[in-house]
Amino acid sequence: MKSEDTVLLEVKNLKKYFYLRTGFFFNKTAGSIKAVDNINFFIRRGETFGLVGESGCGKSTAARLILRLIQPTSGEIFYKGKNILTLKRSQMFKYRKEIQIIFQDPYASLSPRMTIGDIVSEPLEVHRIGDKNSRIKEIKHTLKIVGLNPEHVNRYPHEFSGGQRQRVGIARALILQPELIICDEPVSALDVSVQAQILNLMIDLQKEFNLTYLFIAHDLSVVKYVSNRIGVMYLGKIVEVAPAEDLYKKPLHPYTMGLLSAIPIPDPDLEKQRQRIILPGDVPSPINPPSGCRFHPRCPNAQDICSKQEPELKNYPENGNNHFAACFFAGKPINN
Amino acid sequence: MANNLQEKILEVKNLKTYFHTDAGVVKAVDGVNFDLKRGETLGIVGETGSGKSITALTILGLIPIPPGKVESGEIIFEGQDLLKCKISNLKHFRGNRISMIFQDPMTSLNPVFNIGNQLIEAIQAHQNLSKKQSYDKALELLDMVGISDRKKRMKSYPHEFSGGMRQRAMIAMAIANSPSILIADEPTTALDVTIQAQILELIDGLKKKTNSSVILITHDLGVIAKYAERVMVMYAGKPVEFASVNDIFYRPLHPYNLGLIGSVSKLNEEKKERLKPIKGTPPSLIDLPKGCTFALRCKFAIKPCWDSFPPTIEEEQNHFVACFRAKEFLNGSLKRE
Ligand SMILES: Nc1ncnc2c1ncn2[C@@H]1O[C@H](COP(=O)(O)OP(=O)(O)OP(=O)(O)O)[C@@H](O)[C@H]1O
Ligand SMILES: Nc1ncnc2c1ncn2[C@@H]1O[C@H](COP(=O)(O)OP(=O)(O)OP(=O)(O)O)[C@@H](O)[C@H]1O
Ligand code: SF4
Ligand SMILES: [Mg+2]
Ligand SMILES: [Mg+2]
């Protein structure tokens, strides 16, 4: 169960709207992009919370809000019980040290003109930790932990492969000994065989350093593999939250059902028997999201009420502990 | 489905496409052999840079020359070697009898013309039809690829379409002249999962309806398992295993293929078994090691592996492998672990 001392981070009624300047877009009535629209979730200490959803559903915006790189439109973010939106500068400095991020693109996120030693030591300098000698020791130690040769501190990112660069990104996130690491699509840009190396590394590091992960990805098989619990987002909303195994076995929201069913499993016999649900239509724009339940235009189970009223994210305890879904007909199977 | 009696529609033999760059010769495609049967879907998998796209582009004659050069090989389609064909005849085959769907639809859609005009142009390039007939044909194509509100959509420009719709429009262009081979190079990688499923179903449905053949290039082993009948696994420019989809997944004989299967997490797996990645990264195609290109990463490598590249052998019926140790996997004396 959720209790104060096990919860590391909690997000309450969090919203981020991006306002569009009129005239910039041709549509004059364009008001705002509801990138994150009233989401709630919590992450326990030491667990991996996965956030999945299709492009543009608001995953990275949620990450940037938690990192306080952008200001929320409204809502609260609690870290160790304190609302970080009201932290003073000095406290904020400490918070920034405890929360780190790993980005998707190991090519774009590393400056090409810095050596990997400089890249990894930057956070130490920002937070004024150690002197030159102790930093070098720390950097070499961290490079070794992530499986890089410590003798390579003076090399540049272009001398490394994609997987090695992602290791550099991980080393940079790790060097401040953070509590929470936000991983925004950390393996999406990598080859499958290299993805597995990085995922294993991340799992090992989590155990060794008791890290908490917020793991963002659109690949549900990867997310399921690493996560304890998963939140599914659709157009700025969280539509389902459940322990990873329950989400796969007993999805309650029709979008989750469609998403699971859309992913082919690398097993030919199984795949040839599997009944698939192909969700129709495109993902609508978050500028003028559909009324009521945002999923209703694509939902095979939609009824009248779905376009009129917005379903709340509710607990369905009969479906396992802490299984939440936002659907009037949660759990109803989809008939193709 | 695909058996030996089926007609071979395409045969690629010992194909080599190299790039002559300042840094050296990039052996992008280095001895590729495969055949494609009518009505089948052939999957090509392999790591980034392993030569999948260059294989496809060579078949279509789209390699930039220079720096590219087709060094050797044959591409036999409808009884003719495309590599020996006159340019004027090639036009008849490429983009018409064999056409391609790319990852990025904007590589084949022109942003300044509306969809209708582009479709009509594609139709008229190869078919002797009047304006009206071409227009009707274009409407029919949009219907086939599942674009509704067709008359209005004919007047739309590519940028007015969503990613999935652009992909559909490109597929409409690709099938405009009822090709017998459709090459789909990562056709859905840039799309959302639920849209990916729509597009792959569309391609598969069109294939069945028209009894054409599909070459499906992808990183996604799930997509391969679902749609491919036979699979070619490429590594560093060479095919290392070529077999039925079931053999590839259930009886892998090449250590790279084995490693690939051990690297993916399966959505349906209950026990979280630790992934078994392949160590290291692929070699540079410029200074390929002398022996087996996979030896550096291979945990089964033995002495001969460092001396020469293993020959491709049909280890069991229709199961081709280039590995010195495949026989031992096959007879059980070497464990796949
Ligand atoms: N600074 C911004 N100004 C305006 N709109 C923005 C801004 N940042 C994000 N958005 C919009 O907010 C929505 C959510 O974007 P976000 O990047 O959070 O999605 P995502 O789920 O991370 O998608 P992806 O899987 O593609 O990374 C999108 O419609 C995006 O265009
Ligand atoms: N114009 C070019 N000049 C030099 N080298 C090239 C050129 N085009 C491709 N190559 C090289 O040829 C090799 C094979 O490339 P190809 O695009 O076929 O790989 P791929 O298997 O399709 O990879 P991906 O999965 O990333 O699409 C790569 O090493 C690539 O760098
Ligand atoms: S030939 Fe040798 S090195 Fe190459 S894959 Fe087989 S065992 Fe490994
Ligand atoms: Mg994102
Ligand atoms: Mg390619």
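Determine, for each peptide in A:197-207, B:63-73, the mean count of other beta carbons within 10 angstrom over its residues, then list the peptides with the highest first.
A:197-207, B:63-73
For chain A, which span is the longest to avoid every loop-located (per DSSP) member of GluC sites (Glu not before Pro) having at most 14 other Cβ atoms inside 10 Å? Numbers along the way, then the final one.
On the way: sites that count: A:E4, A:E312.
The answer is A:5-311.
How about segment B:1-58: which GluC sites (Glu not before Pro) there are in a DSSP loop, with at most 12 other Cβ atoms within 10 Å of their Cβ? All intermediate terms of the calculation are to be shown ahead of the outcome.
Working: sites: B:E7, B:E11, B:E40, B:E47; in loops: B:E7, B:E40, B:E47.
Within segment B:1-58, the qualifying GluC sites (Glu not before Pro) (loop, at most 12 other Cβ atoms within 10 Å) are B:E7.
Given B:K27/B:K290; B:K91/B:K137; A:K59/A:K237; B:K238/B:K290; A:K224/B:K266; A:K249/B:K266, which pairs have Cα atoms separated by over 18 Å? It would help to have the intermediate numbers written out before the result.
Working: B:K27/B:K290 13 Å; B:K91/B:K137 21 Å; A:K59/A:K237 10 Å; B:K238/B:K290 14 Å; A:K224/B:K266 9 Å; A:K249/B:K266 13 Å.
B:K91/B:K137, as the Cα separations exceed 18 Å there.
Whole angstrom only: what separates the Cα centroid of segment A:319-334 from the Cα centroid of segment B:72-141?
Centre-to-centre distance over Cα atoms comes out at 48 Å.
Averaged over its residues, how many other protein chain Cβ atoms are within 10 Å of peptide A:217-228's Cβ atoms?
Values: counts 0, 2, 4, 3, 7, 4, 2, 6, 9, 2, 0, 0.
Per-residue shielding by partner chains comes out at 3.
Run the numbers on chain B and let me know its relative contact order in percent, using alpha-carbon pairs under 8 Å that are six or more apart. Don't skip to the end; give the middle numbers.
Values: 596 pairs, mean separation 65.7, N = 337.
Relative contact order here is 19 percent.
Could you list B:T189, A:T73, A:T256 so that the one with the fewest beta carbons within 10 Å of its beta carbon is first and the one with the most is last? Write down the numbers at each step before the final one.
Working: B:T189 14, A:T73 18, A:T256 24.
Starting with the residue having the fewest Cβ neighbours, the order is B:T189, A:T73, A:T256.
Extension gain A:Y19-A:S32, at 0.36 nm per residue separation less the Cα-Cα distance, in nm? Spell out each step's value before the answer.
Values: separation 13, 0.36 × 13 = 4.68 nm, distance 0.43 nm.
This chain segment gains 4.3 nm when fully extended.
Calculate, for B:V112 and B:D149, the FRET efficiency according to 1/(1 + (r/R0)^6) with r their C-beta to C-beta distance and R0 22 Å; round to the nearest 0.05.
On the way: r = 22 Å, r/R0 = 1.00.
So, using R0 = 22 Å, E works out to roughly 0.50.
Need the full-extension length gain, A:E122 to A:Q177, defined as separation in residues times 0.36 nm minus the C-alpha distance. One decimal, nm. Intermediate values should be presented prior to the final figure.
Numbers: separation 55, 0.36 × 55 = 19.80 nm, distance 1.38 nm.
18.4 nm is the gain from fully extending A:E122 to A:Q177.
Loop-only check: which trypsin sites (Lys or Arg not before Pro) in segment B:184-274 are DSSP coil with at most 15 other Cβ within 10 angstrom? All intermediate terms of the calculation are to be shown ahead of the outcome.
Values: sites: B:K207, B:K208, B:K209, B:K226, B:R230, B:K266, B:K271, B:K272, B:R274; in loops: B:K266, B:K271, B:K272, B:R274.
Hits after loop and neighbour filter: B:K271, B:K272, B:R274.
Taking the beta-carbon count within 10 Å as an exposure proxy, list B:T48, B:T218, B:T293, B:T281 from fewest neighbours to most.
On the way: B:T48 14, B:T218 23, B:T293 26, B:T281 19.
So the residues, fewest neighbours to most, are B:T48, B:T281, B:T218, B:T293.
What spacing in nm lies between the two simple spin-label points modelled at B:H92 and B:D204, each 7 Å away from Cα in the Cβ direction?
3.5
List, in the order given, every pair from B:K37/B:K84; A:K34/B:K209; A:K15/B:K155; A:K34/A:K250; A:K16/A:K308 whose Cα-Cα distance in the structure shown is over 32 Å.
On the way: B:K37/B:K84 22 Å; A:K34/B:K209 42 Å; A:K15/B:K155 38 Å; A:K34/A:K250 29 Å; A:K16/A:K308 23 Å.
With Cα atoms farther than 32 Å apart: A:K34/B:K209; A:K15/B:K155.
Cross-link partners among lysines for A:K140, C-alpha distance below 23 Å, same-chain residues fewer than 8 apart left out?
A:K97, A:K132, A:K207, B:K279
In peptide A:267-275, what is the residue-averaged number of other protein chain Cβ atoms found within 10 Å of each Cβ?
Numbers: counts 11, 16, 5, 4, 9, 4, 0, 2, 0.
Other-chain Cβ atoms within 10 Å of each residue's Cβ, averaged: 6.
From the phi of every residue in segment A:153-169, what ³J(HN,Hα) in whole Hz does the Karplus formula 6.51 cos²θ - 1.76 cosθ + 1.60 yield, where θ is phi - 60° and glycine or proline is x?
With the stated coefficients, segment A:153-169 comes to 3, 8, 8, 9, x, 5, 7, 10, 7, x, x, 5, 5, 5, 5, 4, x Hz.
Take every residue in peptide B:217-229, count the Cβ atoms of other chains within 10 Å of its Cβ, and give the average of those counts.
Working: counts 0, 0, 3, 5, 6, 8, 4, 4, 9, 11, 3, 1, 1.
For peptide B:217-229, the averaged partner shielding equals 4.
How far apart, in nanometres, would the label points at B:L129 and A:E312 be if each is projected 7 angstrom from Cα along the Cα-to-Cβ direction?
Calculated label separation equals 5.6 nm.
Quick one: if you stick a label point 7 Å off each Cα along the C-beta vector at A:K97 and B:T48, how many nm between them?
The two pseudo-label positions are separated by 3.5 nm.
Please order A:S227, B:S284, B:S130, B:S180 by the number of other Cβ within 10 Å, starting at the fewest.
If I rank by nearby Cβ atoms, fewest first, I get B:S130, B:S284, B:S180, A:S227.
How many angstrom separate the Cα center of segment A:139-216 from the Cα center of segment B:295-314?
Value for the Cα centre distance between the two parts: 31 Å.
No lab work stands behind these numbers, since they all come straight from the coordinates. These numbers come from a predicted model, not from an experiment. Here Cβ is always computed from backbone atoms with ideal geometry, including for glycine, and neighbour counts include all displayed protein chains.
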